[in-house]
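Heads up, the thing below is written out as structure tokens.
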Amino acid sequence: MSEEQNKQVFRRLIEEGFSKGNLEVLNDVFAPNFVEHQDGFVPPNAEGVKGAIVSLRTAAPDLKLTIEEIIASGEKTCAYHSSGHTPRAVHGPTRDRADIRYYGHRYLSL
């Protein structure tokens, strides 16, 4: 695939998979032998990523990830993203109800 196609696949994973909770997109994006190297995904494959998405979206149903920057070089793609949601009791008491914002990055080899 071209670098532009890799970016589109990555964007689809983030926007449809994580932000919308569409787990079917993982079947389209990940190869059958996909291995997740980030800690916390059990098992470390597509099923583990699906479980993490379900868990995240259960705790924060309005979770939305936004790709701030995406770079591709050959088969490697990296995205810097922000994510946010409205605090819920899952996070414990909050003084105000302002949105919670996180920043992170993900790498993907296609």
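The values are calculated or read from the model by the stated rules, or taken from the named source; none is laboratory data. Keep in mind the model is a prediction, meaning the values are calculated, not measured. We place every Cβ from the backbone using ideal geometry, glycine too, and count neighbours over all the protein chains shown.
Tally up the residues in region 40-81 that are of a type in the set (S, T, N, Q) and in contact with a Leu (Cβ under 7 Å, 6 or more places away or on another chain), please. Break it down into steps so the answer makes sense when it comes.
First, pick out the residues of region 40-81 that are of a type in the set (S, T, N, Q): 45, 55, 58, 66, 73, 77.
So of that shortlist, the ones also in contact with a Leu (Cβ under 7 Å, 6 or more places away or on another chain) come out as 77.
Final tally of qualifying residues: 1.
Test of understanding: among T86, T94, T77, which residue is farther than 21 Å from F10 by Cβ, surrounded by 10 or more Cβ atoms within 10 Å (Cβ to Cβ) and at pLDDT 70 or above? Show your work before the answer.
Numbers: T94 fails: at pLDDT 70 or above; T77 fails: farther than 21 Å from F10 by Cβ.
Selected residue: T86, the only one of T86, T94, T77 that is farther than 21 Å from F10 by Cβ, surrounded by 10 or more Cβ atoms within 10 Å (Cβ to Cβ) and at pLDDT 70 or above.
Looking at P44, is it at pLDDT below 95, under 23 Å from E75 (Cβ atoms), touching an Asp or Glu at 6+ places or on another chain (Cβ under 6 Å) and in a loop (DSSP other than H, G, I, E, B)? I'd like the intermediate steps shown before the answer.
Values: at pLDDT below 95: yes; under 23 Å from E75 (Cβ atoms): yes; touching an Asp or Glu at 6+ places or on another chain (Cβ under 6 Å): yes; in a loop (DSSP other than H, G, I, E, B): yes.
When the stated conditions are applied, P44 passes them.
Hey, I14 hits all of (1) in a loop (DSSP other than H, G, I, E, B); (2) under 21 Å from E75 (Cα atoms); (3) β-branched (V, I, T) but one; which does it fall short on?
I14 satisfies all of (1) in a loop (DSSP other than H, G, I, E, B); (2) under 21 Å from E75 (Cα atoms); (3) β-branched (V, I, T) except (1).
Among the numbered criteria (1) at pLDDT 65 or above; (2) more than 12 Å from the chain's Cα centre (by Cα); (3) within 21 Å of E16 (Cβ to Cβ), which single criterion is violated by L110?
Of the numbered conditions (1) at pLDDT 65 or above; (2) more than 12 Å from the chain's Cα centre (by Cα); (3) within 21 Å of E16 (Cβ to Cβ), the odd one out for L110 is (1).
Of everything in region 13-38 that's among the aliphatic types (A, V, I, L, M) and touching a helix residue (DSSP H, G or I) at 6+ places or on another chain (Cβ under 7 Å), which residue is surrounded by the most Cβ atoms within 10 Å (Cβ to Cβ)?
Step one: list which residues in region 13-38 are among the aliphatic types (A, V, I, L, M), which gives 13-14, 23, 25-26, 29, 31, 35.
This time we only want the ones that are touching a helix residue (DSSP H, G or I) at 6+ places or on another chain (Cβ under 7 Å), so: 13, 23, 25-26, 29.
Values: L13: 23, L23: 17, V25: 19, L26: 20, V29: 18.
Filtering region 13-38 for residues that are among the aliphatic types (A, V, I, L, M) and touching a helix residue (DSSP H, G or I) at 6+ places or on another chain (Cβ under 7 Å), the one surrounded by the most Cβ atoms within 10 Å (Cβ to Cβ) comes out as L13.
Yes or no: region 59-76 includes at least one residue that is touching a residue at least 60 places away in the same chain (Cβ under 8 Å), touching a helix residue (DSSP H, G or I) at 6+ places or on another chain (Cβ under 7 Å) and within 23 Å of Y102 (Cα to Cα).
So far as region 59-76 goes, yes, one or more of its residues are touching a residue at least 60 places away in the same chain (Cβ under 8 Å), touching a helix residue (DSSP H, G or I) at 6+ places or on another chain (Cβ under 7 Å) and within 23 Å of Y102 (Cα to Cα).
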